[in-house]
Amino acid sequence: CAKDEFPADFLFGIASSAYQIEGGHDANGKGASIWDHYLRLNPALVRDSTNGDTACDSYNKYEEDVSLLADLGVDFYRFSISWSRILPTGYSNKINPDGVRYYNELIDGLVARNIRPMVAMYHWDLPKPLQDLGGWTNPLLSDLFEDYAKILFENFGDRVKLWITVNTNWMGYGDAQFPPLLNQSGIGEYLYVKNVLLAHAKVYHLYNREFRSSQNGQIGITVDGRWYEPATPRDQEAAERTRQFYIGTVANPIFGDGDFPKLVKERVDELSQEEGFSRSRLPKFSREEVEYVKGTYDFFGINIYTTFLTKDVEIEDGSEPSFGKDLKAELHHDPKWPESNSFWLKVVPWGCRRVLNWIKESYGNPPIFITENGFSDRGELDDVDRIDYFESYLNAVLEAIHEDGVQVRGYAAWSLLDNFEWTSGYSERFGLHHVDFADPGRRRTAKSSARWYKDVIERRRLDAPS
Ligand code: GCO
């Protein structure tokens, strides 16, 4: 196909996540997640002191959402399942029938309109009782997650053929005021990652043992895919170290030669020694665990938003042992890059092409789904900047496919609706549909970008880059 055309089997999608859109935070037997709990305890955790109690009310308005998806003409819809709506305590001995009902109705609605469900099993909304066990820093979580996944396969696996185990963008909230689990910086970071990787692998092996032959789906994991560009030629090593910390720590055990990246192990071991620890802060995988996790994928999911310039710096001593210190690198943006309203979101499409190529080179050109890509603003209906953003990033995806041979299988725009943007609350809007959060009916209104995306999907090509 031509350079500005997407391959015939390329899948266009759009994404959301349970806590950010559903609401119904305690409806019909749903249990509390850590976000329900901690935002009630401390509303100041969120910039506008809001929470996801109602959000877009998709719990009640999912049929409307499915109609919007059908209007867009997407091939797939990436949403996440709320663990605590299915298992209110997190444990598999208490299944909430309303949770199963809700997701069956959503999935049936999608399938009836020829839209493939892509389901993320976990998108940060851990059941609160599991946080009381220490959350993901507790190895037991990998067993409880496997129990949960089995229930999802049993109930939805006949219609769901694209699964993401975990949305692991886990560097998002390193702020000290976040409770242990949400504050994923520091020592907990590495324990968290190891247990998430073991949980992912247990689910993949479970699927192979008990479901793949009858359900024939695909399983992946979503990794945070910001690109790290050296600020100067002297910062090449710092940029590669940063990629290994932020992407490789999750990706290398699964898609690479197994285990945490060598660069990360050396760095954390060396630092731990300097800090006088008797052993490294980095938990070790046994040889059996390395082999158990390696290769547990059918596709690589990646969330691509922006790029950071990376400088090699000595972090002053005495700072908390955290990624920042372990990284020994400083991240910033080039002020010349166009920006969105969001303080961190700079528009850098060439960074999208580079991170896709880095994955191709680092992990043997695995099949890739871009599971998120989007642009935040203040909610303009005629969101021409968002159209420019999508056009430039999708053009970078075409270059990666046609000129670099990267196996990008599909792309999901973030997001179907304006929604609860975590610690930014409703102040940052990523939706292709505007949501009126002052309206009890949470009225949805298509933005210009929704009409533009529908047109791209129909024609399967981009206008020649302006
Ligand atoms: C992430 C999360 C999304 C965010 C989106 C915009 O990767 O950060 O998956 O839930 O809302 O990325 O910040």
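Derivation of every value follows stated rules applied to the coordinates shown; laboratory data play no part. Just so we're clear, the structure is a prediction, and the values are computed from it rather than from any experiment. Glycine gets a Cβ as well: all are built from the backbone with ideal geometry, and neighbour counts include every protein chain shown.
Overview of results
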{"quantity": "Trypsin sites (Lys or Arg not before Pro) restricted to DSSP loop in the range 376-466 with at most 16 other C-beta within 10 Å", "calculated": "ARG378, ARG443, ARG460"}
{"quantity": "Cα-projected label distance for ASP143 with GLU63, points at 7 Å along beta-carbon direction, nm", "calculated": "4.3 nm"}
{"quantity": "Potential lengthening between GLU458 and ARG113 on full extension [0.36 nm per residue; Cα-Cα distance subtracted]", "calculated": "122.6 nm"}
{"quantity": "Sequence of PHE430, PHE12, PHE277 once ranked by neighbouring C-beta atoms within 10 Å, starting from the fewest", "calculated": "PHE277, PHE12, PHE430"}
{"quantity": "Relative contact order of the range 204-331, pairs being alpha-carbon contacts under 8 Å that are 6 or more residues apart, as %", "calculated": "36 percent"}
{"quantity": "Rounded, prolate or oblate (a/c below 1.5 giving rounded, otherwise prolate when a/b exceeds b/c) for the range 1-63 by Cα gyration tensor", "calculated": "prolate"}
{"quantity": "Alpha-carbon centroid distance for the pair the range 73-150 / the range 8-35, whole angstrom", "calculated": "9 Å"}
{"quantity": "Percent RCO, i.e. relative contact order, over the chain, from Cα pairs under 8 Å lying at least 6 residues apart", "calculated": "18 percent"}
{"quantity": "Neighbour-count order for CYS1, CYS352, fewest beta carbons within 10 angstrom listed first", "calculated": "CYS1, CYS352"}
{"quantity": "Peptide ranges 190-203, 121-134 listed from the most packed, as the mean C-beta count within 10 angstrom indicates", "calculated": "190-203, 121-134"}
{"quantity": "Dimensionless Rg over Rh [the chain; C-alpha; Kirkwood]", "calculated": "0.94"}
{"quantity": "Whether the range 184-295 is rounded, prolate or oblate, judged on the alpha carbon gyration tensor where a/c under 1.5 counts as rounded", "calculated": "oblate"}
{"quantity": "Sum of -39500 (n - 2.57) over DSSP H runs of 4+, divided by residues of the chain (222 nm, nearest 500)", "calculated": "-11500 deg cm²/dmol"}
{"quantity": "Range in the chain, longest, excluding exposed GluC sites (Glu not before Pro) [loop by DSSP; at most 10 other beta-carbon atoms within 10 Å]", "calculated": "1-313"}
{"quantity": "Contact order normalised by residue count of the range 316-466, Cα under 8 Å, 6+ apart, percent", "calculated": "22 percent"}
{"quantity": "R0 of 41 Å, Cβ-Cβ distance TYR91-HIS333: FRET efficiency to nearest 0.05", "calculated": "0.40"}
{"quantity": "For a label point 7 Å along the Cα-to-beta-carbon line of ASN365, residues of the range 225-258 with backbone N under 19 Å", "calculated": "255-257"}
{"quantity": "FRET efficiency for ALA438 and GLN273, using Cβ-Cβ distance with R0 set to 51 Å, rounded to 0.05", "calculated": "0.35"}
{"quantity": "Order of THR137, THR307, THR232 under a 10 Å beta carbon neighbour criterion, fewest first", "calculated": "THR232, THR137, THR307"}
{"quantity": "Computed label-point distance, nm, for sites SER448 and LEU41 using a 7 Å Cα→Cβ extension", "calculated": "4.5 nm"}
